[in-house]
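Report on the following structure.
The values are calculated or read from the model by the stated rules, or taken from the named source; none is laboratory data. Since the model is a prediction, treat every value here as computed from it, not as a measurement. Virtual Cβ from ideal backbone geometry, glycine too; neighbours counted across all protein chains shown.
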Amino acid sequence: MLKTAVYPGSFDPITNGHLDLLDRGLKIFDRIVIAVAANRGKKPPLFTLEERVELIRAALEGHPFADRVEVDSFQGLLVDYVKRLKAHAILRGLRAVSDFEYEFQMALMNRKLSSEIETLFLMTGMEWIYISSSIIKEVALSGGCVTGLVPPLTEKRLFQRLRENRQRT
């Protein structure tokens with residue numbers, strides 16, 4: 001039986017920190033499903049659900065473990081999605097102590113909803129500890145350089161989208 005984990009998130013956009021966590025998660029799990037959340041309740045994402053899935057798939061091209069990774073999207077409760085996949089683990093990253101409280105609450109709620117699903121936390125690699133999708137968007141919006149912090153196609157699309165948004169306003 002393959003050990004499968006679901007790595008959920010908004011991935012708006014995917015960062016090299018996400019990819020680092022994926023690489024390290026693949027040392028533990030046979031297969032990981034990157035599950036892009038539809039973002040209900042959050043402010044509107046910069047990229048559509050379809051665009052985020054596309055950018056992740058592009059970032060995985062040529063990745064040595066790409067055959068062990070699936071990219072999908074979901075709506076609704078994460079535990080229901082995990083059950084549908086017949087997975088038994090949720091993979092989450094922690095950058096700092098400030099992430100822990102929220103992630104801990106989510107893990108406990110997920111356990112309450114489905115006691116057979118475990119949540120595994122991995123600390124973000126030191127090289128990526130200061131980045132998040134939100135910070136990447138903020139830096140790019142202010143004209144800063146994000147080279148090396150996101151995959152190349154993501155960087156290109158990020159600046160294209162920001163230009164498009166500026167032209168609309």
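Looking at the structure I just gave you, is N39 surrounded by 13 or more Cβ atoms within 10 Å (Cβ to Cβ) and on the phi > 0 side of the Ramachandran plot?
Yes, satisfied.
Just one of (1) in contact with a Ser or Thr (Cβ under 9 Å, 6 or more places away or on another chain); (2) free of Cβ contacts under 8 Å to residues at least 40 places away in the same chain trips up A87, so point out which.
It is condition (2) that A87 fails.
Are any residues in region 42-54 farther than 21 Å from E103 by Cα and surrounded by fewer than 20 Cβ atoms within 10 Å (Cβ to Cβ), and if so, which ones?
Answer for region 42-54, where residues must be farther than 21 Å from E103 by Cα and surrounded by fewer than 20 Cβ atoms within 10 Å (Cβ to Cβ): P44, T48, L49, E50, E51, V53, E54.
Of everything in region 1-23, what is in contact with a Leu (Cβ under 7 Å, 6 or more places away or on another chain) and either part of a loop (DSSP other than H, G, I, E, B) or modelled with pLDDT under 95 (or both)? Give them in sequence order. Step through it out loud before you land on a result.
Initial filter on region 1-23 (in contact with a Leu (Cβ under 7 Å, 6 or more places away or on another chain)): 4-8, 12-16, 21.
Correct list: D12, P13, I14, T15.
Just for region 11-36: of the residues that are of a type in the set (D, E) and in contact with a helix residue (DSSP H, G or I) (Cβ under 6 Å, 6 or more places away or on another chain), which one is surrounded by the most Cβ atoms within 10 Å (Cβ to Cβ)?
So the residue we want is D12.
For region 1-51: of the residues being touching a strand residue (DSSP E or B) at 6+ places or on another chain (Cβ under 9 Å) and small (G, A, S), which is nearest to D72 (Cα to Cα)?
Looking at the filtered set, the residue picked out is A35.
Going through region 107-129 one residue at a time, which ones are under 19 Å from the mean Cα position of the chain (by Cα), free of Cβ contacts under 8 Å to residues at least 12 places away in the same chain and surrounded by 13 or more Cβ atoms within 10 Å (Cβ to Cβ)?
none
Within region 58-96, can you find the residues that are closer than 17 Å to G25 by Cα, basic (K, R) and modelled with pLDDT of 95 or more?
R68, R92
Take region 130-150 and flag every residue that is surrounded by 14 or more Cβ atoms within 10 Å (Cβ to Cβ), more than 13 Å from the chain's Cα centre (by Cα) and more than 19 Å from N165 (Cβ to Cβ).
L149 - this is the single residue of region 130-150 that is surrounded by 14 or more Cβ atoms within 10 Å (Cβ to Cβ), more than 13 Å from the chain's Cα centre (by Cα) and more than 19 Å from N165 (Cβ to Cβ).
Just to check your reading of the model, which residue among R95, R157, R84, R57 is surrounded by 15 or more Cβ atoms within 10 Å (Cβ to Cβ) and under 18 Å from V33 (Cα atoms)?
R57
Within region 90-102, take every residue that is small (G, A, S) and in contact (Cβ under 8 Å) with a residue 12 or more places away in the chain and give me the one that is farthest from L122 (Cα to Cα).
Out of the qualifying residues, it is A96.
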